[in-house]
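The values are calculated or read from the model by the stated rules, or taken from the named source; none is laboratory data. Everything quoted here is computed from the prediction, not taken from an experiment. Heads up, the Cβs are rebuilt from the backbone with ideal geometry, glycines too, and the neighbour counts pull from every protein chain shown.
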Amino acid sequence: MKEYHRYPPTKKAVALTYHADKDAAPKLTAKGIQETAEKIIALAKAHNIPIQQDETLVAMLSALDLGEAIPPELYQAVSEIFAFVYTMDKEMER
């Protein structure tokens, strides 16, 4: 009989920045797994930065180097997240 081991999922997190006046595309500013991911998430929460969960997108963004702009094939997915953040900011202002 084969043995199967279940490992706890690896927690991953990334952070992006985008300055429309100087950046051609959003850039990866932080990435990490396990404890580092927890710190990224905690910092976002502490600064009221909205958090979006998307394991597939996080996996793709984690492959980038820090400071690297996102590739064009991720523009649509990332623009949807920035639209979500914009909407959340507007709701928090009310």
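Overview of results
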quantity	calculated
Output for the range 34-53, where each listed residue is under 10 Å from the mean Cα position of the chain (by Cα) and exposed (fewer than 10 other Cβ atoms within 10 Å of the Cβ)	GLN53
Residue, modelled with the lowest pLDDT, within the range 8-24, restricted to residues that are surrounded by 15 or more Cβ atoms within 10 Å (Cβ to Cβ) and under 19 Å from ALA83 (Cβ atoms)	TYR18
Pairs where the first residue, in the range 24-47, is without any contact (Cβ under 8 Å) to a residue 24 or more places away in the chain and the second is of a type in the set (Val, Ile, Thr) and crowded, with 17+ Cβ neighbours inside 10 Å, C-beta under 7 Å, 6+ apart	GLY32/ILE40
Complete set of residues in the range 8-23 that are part of a strand (DSSP E or B) and without any contact (Cβ under 8 Å) to a residue 24 or more places away in the chain	THR17
ALA30, sole failed condition from (1) within 21 Å of MET88 (Cβ to Cβ); (2) exposed (fewer than 14 other Cβ atoms within 10 Å of the Cβ)	(2)
Residue ID - modelled with the lowest pLDDT, chosen from residues in the range 49-59 that are out of contact with any helix residue (DSSP H, G or I) (no Cβ under 7 Å at 6 or more places or on another chain) and among the polar types (S, T, N, Q)	GLN53
Filtered residue count, the range 54-94, keeping only those that are among the polar types (S, T, N, Q), surrounded by 11 or more Cβ atoms within 10 Å (Cβ to Cβ) and either assigned to a loop (DSSP other than H, G, I, E, B) or over 11 Å from the mean Cα position of the chain (by Cα) (or both)	2
Residue that is touching a Ser or Thr at 6+ places or on another chain (Cβ under 6 Å), modelled with pLDDT of 95 or more and either closer than 11 Å to LYS12 by Cα or of a type in the set (S, T, N, Q) (or both), where the choices are LYS31, LYS27, LYS39	LYS31
